[in-house]
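One structure is given here, and the rest of the page talks about it.
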Amino acid sequence: MNLKPKFLNIVNESTRVSYDDGHAINSLATKLLSSLPQDIQQPIVFVCIGTDRSTGDSLGPLVGSKLEEKNLTHFHVYGTLEDPIHAVNLKDKLIEINNAYRNPFIIGIDACLGKLNSVGYISIGDGPVKPGAGVNKELPAVGDIHMTGIVNVSGFMEFFVLQNTRLHIVMSMAKTIATAINEAHNQYSLKELSSRFLR
């Protein structure tokens, strides 16, 4: 779990949309697709950060599990409810990923806390997420780009806030994010297929 994007010192053209916006999936998929590397040979890896032991911090592994069910052929997914990526194993998982893939393009996915009127918003933009920043943990930054979901309000007793976040909103946000990624994957797969015919 990290703090809202303004605390990450990221300056970019990001897309920010509420999970229940009718255009959310298309907006997120379009932004994701435009952010992926032009080289279709570069591995695309999603690192979904969080833990199933905290409702608010379960956004990442929920997304990871939903993506795993879709059997994406061109995207690689790490961090699920069964095998979460969290503070204890994050460094080891990043080493594992970099050993498994040559020059992977990493998308970090994590929950974050923000203002009350921003709860339910999903952002995608350039630069990494900083896991643990919202609860004062020093962990490695993750991702060439990031996707974050504001699950609750920041500013006071963050651990308690995360534990008392509504599961409904986290599940709904996870569904929107995973559906958007799946849509981007389908379009990316078509791009990869067409490039084969041009070789």
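Only lysines eight or more places from K115 in sequence, or on another chain, were considered; those with a Cα closer than 25 Å are K4, K6, K31, K130, K137, K175. List the chymotrypsin sites (Phe, Trp or Tyr not before Pro) in the range 120-173 that DSSP assigns to loop (not H, G, I, E or B) and whose Cβ has at most 14 other Cβ atoms within 10 Å. Which are they? Those satisfying the criteria are F156.
How many percent of DSSP beta bridges within the range 2-198 run antiparallel, rounded to 5? Taking every DSSP beta bridge within the range 2-198, about 35 percent pair in antiparallel fashion. Under a model in which nothing but the beta-carbon of Lys, Arg (+1) and Asp, Glu (-1) is charged, the chain shows a dipole of about 260 debye around its Cα centre. Put a dot 7 Å past each Cα toward the Cβ at N26 and Q163; how far apart are the dots in nm? In this crude spin-label approximation the distance works out to 4.3 nm. Exposure proxy shown here: for T148, T55, T30, T73, the number of other Cβ atoms within 10 Å sets the order, fewest to most, as T73, T30, T55, T148.
Once you order the gyration tensor axes a ≥ b ≥ c over the Cα atoms, which shape class does the range 80-163 get: rounded for a/c under 1.5, otherwise prolate or oblate by comparing a/b with b/c?
It is prolate, given that a/c is not under 1.5 and a/b is the larger ratio.
Among the listed values [x] 45, 40, 30; [y] 56, 38, 33; [z] 58, 39, 38, the one computed from these coordinates for Cα extents along the principal axes in Å is [y].
For the chain, averaging the sequence separation of C-alpha pairs within contact (under 8 Å, six or more residues apart) and dividing by the residue count gives a relative contact order of 30 percent. With each label modelled as a point 7 angstrom along the Cα→C-beta vector, the K137-D52 pair spans 1.7 nm. The length gained on full extension between V153 and K175, counted as 0.36 nm times the residue separation minus their Cα-Cα distance, comes to 5.9 nm. Taking the range 98-128 and a reference point 7 angstrom along Cα→Cβ of Q41, the backbone N atoms nearer than 14 Å belong to 102-104.
With contributions of -39500 (n - 2.57) from each DSSP H run of at least four residues, the per-residue ellipticity at 222 nm computed over the chain stands at -11500 deg cm²/dmol.
Among the trypsin sites (Lys or Arg not before Pro) in the range 101-170, those located in a DSSP loop and surrounded by at most 11 other Cβ atoms within 10 Å of their own Cβ are R102.
Every Cα-Cα pair in the range 41-123 was counted, and those over 19 Å apart are 39% of them.
Only the coordinates and a few stated rules stand behind these numbers; no lab work does. These figures come from a predicted structure and were not determined experimentally. Cβ atoms come from the backbone with ideal geometry, glycine included; neighbour counts cover every protein chain shown.
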